[in-house]
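Chemist: The structure's right below; bear with me while I get my questions together.
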Amino acid sequence: MHIVYALIAAFGNALFTFGQKKSETSNNPFLFLLSYTVLCAVLLLFSALFFEKEGAREYIQRNLFQIFLSGVGLYITFLGFYFLFTRFGASYYILYAVFSILTTSIFVGIYLFGEKFNLYHLFSVVSAVLAILLFHLGQTTGK
């Protein structure tokens, strides 16, 4: 099932990226960010209707710090995506993806949460760093 969930997230991310890239640039990027965030919140509220509601208030109270941290992280991510896609293009997503591997998978997953790390994971990190180098070479040569 993890493959299915990853594909769902990848499809949503492709829609997200396409929308950002096709949007007009603005002196106030928050107009676009806020508009799609409101739509996303409405869709999330609708989806929440189909799940258990009992104990929701207590759950939120127990997780206030994590909610705050995740909200700030999402804000920073949305802002970074907006500027990356509108100023450089969708092909630059590879930079985000590789940096995300390094920050999320390695720092958060392995370092902070102590998740499993073996030789194959190390090879994937080396490959990620090589991907950044190859992307940079692709962008700066052969134009």
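Chemist: Of I101, I67, how do they rank once you tally other Cβ atoms within 10 Å and put the fewest first?
Modeler: Listed from fewest to most nearby Cβ atoms, that is I67, I101.
Chemist: Here's something else I'd like to know. Counting helices only, and only those DSSP H runs with n ≥ 4, report the 222 nm mean residue ellipticity of the chain as the sum of -39,500 (n - 2.57) divided by its residues, in deg cm²/dmol to the nearest 500. Intermediate values should be presented prior to the final figure.
Modeler: Numbers: 6 runs with 101 residues, N = 143.
Using -39500 (n - 2.57) per qualifying helix, the result is -23500 deg cm²/dmol.
Chemist: Also, I was wondering about something else. Provide V98, V72 in ascending order of the number of other Cβ atoms located within 10 Å of each residue's Cβ, fewest first. Show your work: numbers first, answer last.
Modeler: On the way: V98 19, V72 10.
Taking fewest neighbouring Cβ atoms as first place, the list is V72, V98.
Chemist: Sorted from fewest to most neighbouring beta carbons within 10 Å, what does the list H121, H2, H136 look like?
Modeler: H2, H136, H121
Chemist: At a threshold of 8 angstrom on Cα-Cα distance, excluding pairs fewer than six apart, so keeping six or more, what relative contact order does the chain reach in percent?
Modeler: On the way: 41 pairs, mean separation 41.2, N = 143.
Result for the chain is 29 percent.
Chemist: Quick one: among Y82, Y92, Y36, which has the greatest mean-square fluctuation in a GNM of the chain with alpha-carbon springs under 10 angstrom?
Modeler: With Cα springs under 10 Å in the chain, the top fluctuation among Y82, Y92, Y36 is at Y36.
Chemist: Here is a follow-up. Could you order the peptides 21-29, 42-50 from most to least packed, using the average number of other C-beta atoms within 10 Å per residue?
Modeler: Numbers: 21-29: 11.2, 42-50: 8.9.
The peptides rank, most packed first, as 21-29, 42-50.
Chemist: Can I ask one more? With P(r) over Cα pairs in 10 Å bins from 0, in percent in mind, check (i) 9, 29, 19, 10, 8, 7, 6, 5, 3, 2, 1; (ii) 9, 28, 36, 22, 5, 1; (iii) 9, 15, 14, 13, 12, 11, 11, 9, 5, 1, 0 and report the label derived from this structure.
Modeler: The value matching this structure is (ii).
Chemist: ³J(HN,Hα) across the stretch 77-91 via Karplus (A = 6.51, B = -1.76, C = 1.60, θ = phi - 60°), whole Hz, x for Gly/Pro?
Modeler: Computed from phi, the couplings for the stretch 77-91 are 4, 4, 5, x, 4, 4, 5, 4, 6, 6, 9, 10, x, 5, 5 Hz.
No value in this document is a laboratory result; all are computed from the given coordinates. Keep in mind the model is a prediction, meaning the values are calculated, not measured. So basically every Cβ, Gly included, is an ideal-geometry build from the backbone, and we count neighbours across all protein chains shown.
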